[in-house]
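First the structure, in the form of structure tokens, and then the observations on it.
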Amino acid sequence: MIIRRLTDLAFCCAAGVALLLATPAFSQDRGGEVDPAAVSEGLKAIFSYSSTSKSTRERLNANTVTLMSGTIGGTYVQFGADLSSALDDGDRMRVLPIIGRGSVQSIADILFLKGVDLGIVRADTLDYLERKGYTGNIHNQFVYITKLYNEEMHVVARSSIRSLADLNGRRVAVDLPNGGTFVTAITIFERLGIKPVYAYIEQRIAYEKLKTGELDAVIAVQGSPSKAVSQVKGDDLHFVPIPYSEPLQSDYLPSVLKAEDYPSLIPPGGRVDTIAVPAILAAYNWPAKTERYGKVEHFVQVFFDRLKDLQRPPFHPKWKEVVLSAPLKGWNRFPPAQEWLDQHSGPASDTRAKFDQFLAAQARETGQQGTRTPEQDEALYQQFLKWQKSTGQAEAKR
């Protein structure tokens, strides 16, 4: 059996190896053989298959984690690709993102699918599953690595729909029931006492049905700017605002949709109020000192150390919203993640935390929640640090 597998592998790789031999970048030993030290890690593994298969297998698996991302075209998929690219370090760290089926399915995949270590899910999904009686205390089965970013609720409707209340009894598309949009939309409407007629339709198809009048609205909960939503065009379409009313304030955040992100749906210079729900990086609550626990721990150390790389181009702009120390209501943090934060806490991180608290309090008092971008907050913080430094130097001279 082993000889047959080696023969198959050799046959599959013959064309690739021949191409490598034709390039000067790869040195050759006597007899025209390729020097394995000059070949990719993948080909090295193949070359050493017969003699060191066990050690090769252990090395390749030891520091590799699998990440359940989201559906094609979504922000989760882009985040998975970014993690795979930014954290790649040969045998020392490798992230394998998997295309998923939405937040609800990712919860099930983390629980039951063999080999899945991590997943990107929405913060309100576990609460929904418990509230509906689908499961017991499922929170104890999960830990979170960090809150990632906020995902905005986009309600695209015909111009005759002026408020969410107008959707009572109307046909509203909320994507498939295994996705996060399904959970967030149903939760929002229930809390506001609105009862639309739900249509479970894939979003690209739903937008076409909206244009023809077969639907009254389409809902997408995605990080803004959403590439998919930005491509929606129609003279009779617009965003329906979502006021930040009291029933939503316990679990959701205020946000806005801007004209510069959605010029076909918002007039120039305009803004539309909406709500946002946190997207989080979660893991199964593995027992301490187990192999799977150790793999996630290693991932955390590499990921946290390299977050600043992810917050620069060419990676997704939503990485700039990630604050590793941000707490998450109702969730327990993965212990090694909390230990990393404790070890790296200091005057600078305390200063930033207090500054963020000040901005949040100021926004509440002025009624301007969600009007600043993360980039603007970061610029204000840098100005604050410069002011603090100059003020300290002035005091020292007195």
Carbon + sulfur, % of accessible area of the stretch 53-345 - ligands and nucleic acids excluded, 1.4 Å: 51 percent
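Calculate, in nm to one decimal, what R57 and Q338 gain on full extension: separation in residues at 0.36 nm each, minus their alpha carbon distance. Before the final figure, lay out each step's value.
On the way: separation 281, 0.36 × 281 = 101.16 nm, distance 3.08 nm.
Result: 98.1 nm gained on full extension.
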Over the stretch 114-273, what is the relative contact order in percent, taking alpha-carbon pairs closer than 8 angstrom and at least six residues apart? 26 percent
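Counting pairs of alpha carbon atoms under 8 Å apart in space and at least six apart in sequence, what relative contact order in percent does the stretch 53-345 give?
Numbers: 548 pairs, mean separation 71.5, N = 293.
After rounding, I find 24 percent.
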Where only protein heavy atoms count, and the probe is 1.4 Å, what is the accessible area per residue for the stretch 53-345 in Å²? 45 Å²
Quick one: Karplus J couplings for the stretch 209-225, per residue in order, coefficients 6.51, -1.76, 1.60, θ = phi - 60°, nearest Hz, x for Gly and Pro? 5, 5, 5, 8, x, 6, 10, 9, 6, 10, 10, 9, 9, 8, x, 8, x
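Using 29 Å as the Cα-Cα cut-off, could you pick out the over-long pairs in K132/K227; K132/K258; K289/K329? Spell out each step's value before the answer.
Working: K132/K227 32 Å; K132/K258 34 Å; K289/K329 26 Å.
Cα-Cα > 29 Å for K132/K227; K132/K258; rest within.
The values are calculated or read from the model by the stated rules, or taken from the named source; none is laboratory data. In this text the structure is predicted, and so the values were computed from the model without any measurement. Just so you know, the surface numbers come from the protein's heavy atoms only, side chains and all, with ligands and any DNA or RNA stripped out. Shrake-Rupley method; radii C 1.70, N 1.55, O 1.52, S 1.80 Å.
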